[in-house]
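Asker: Take a look at this one; I'll ask things after.
Read-outs: derived from the displayed coordinates by stated rules, not from any lab. Computed from a predicted model, the values in this text were never measured in an experiment. Note that we place each Cβ from the backbone using ideal geometry, even for glycine, and neighbour counts take in every protein chain shown.
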Amino acid sequence: SPDVTGPSCPAERLVLQLVARVLLEGDTVTLRCRGWQDGTVTGVRFYQDEKDLGGPLNGTELSLSPLQRHHSGRYRCGGWVSSGPAPWWEKSAPVTVTVTVHGECGNGHG
């Protein structure tokens, strides 16, 4: 049954993927919103600290470029997930984005 979840299944049916690990000011990072087991996702919207960044989007990716300090925060995506008889609205778990500003690391000033 599609309603049965086991320990190996995520609680959310929508996953927000962060492509980069180390995020430096001036870089480009792409956030990708995907359905669990590649379920179709439409009408995607992105949120930073629960503030709607706009949409819906035709695609499932959001590029932040060039990265700046204000891009730091907790991001989520939402969208219509289609993997059953009728689509439903789902939000992903939050993903933390931390932008490191040049000159803040390794200068001995904390």
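Asker: For the stretch 28-103, state which GluC sites (Glu not before Pro) are in a DSSP loop and have at most 16 other beta carbons lying within 10 Å of their beta carbon.
Answerer: Numbers: sites: GLU50, GLU61, GLU90; in loops: GLU50.
Sites meeting the loop and neighbour criteria: GLU50.
Asker: Could you let me know the centre-to-centre spacing of the stretch 63-96 and the stretch 29-58, using Cα atoms, in angstrom?
Answerer: 4
Asker: Relative contact order of the stretch 14-97: what whole-number percent is it, with Cα pairs under 8 angstrom and at least 6 residues apart? Walk me through the numbers on the way to the answer.
Answerer: Working: 192 pairs, mean separation 28.5, N = 84.
Relative contact order here is 34 percent.
Asker: Moving on to the next point. For the stretch 47-59, just list the computed ³J(HN,Hα) in residue order, Karplus coefficients 6.51, -1.76 and 1.60, θ = phi - 60°, integers in Hz, with x standing in for Gly and Pro.
Answerer: After applying 6.51 cos²θ - 1.76 cosθ + 1.60, I find 10, 10, 6, 6, 8, 5, 7, x, x, x, 9, 6, x Hz.
Asker: While we're here: Which order do peptides 69-76, 53-60, 30-37 fall in by mean Cβ count within 10 Å, highest first? Spell out each step's value before the answer.
Answerer: On the way: 69-76: 15.8, 53-60: 13.1, 30-37: 17.9.
Ranked by mean Cβ neighbours within 10 Å, highest first: 30-37, 69-76, 53-60.
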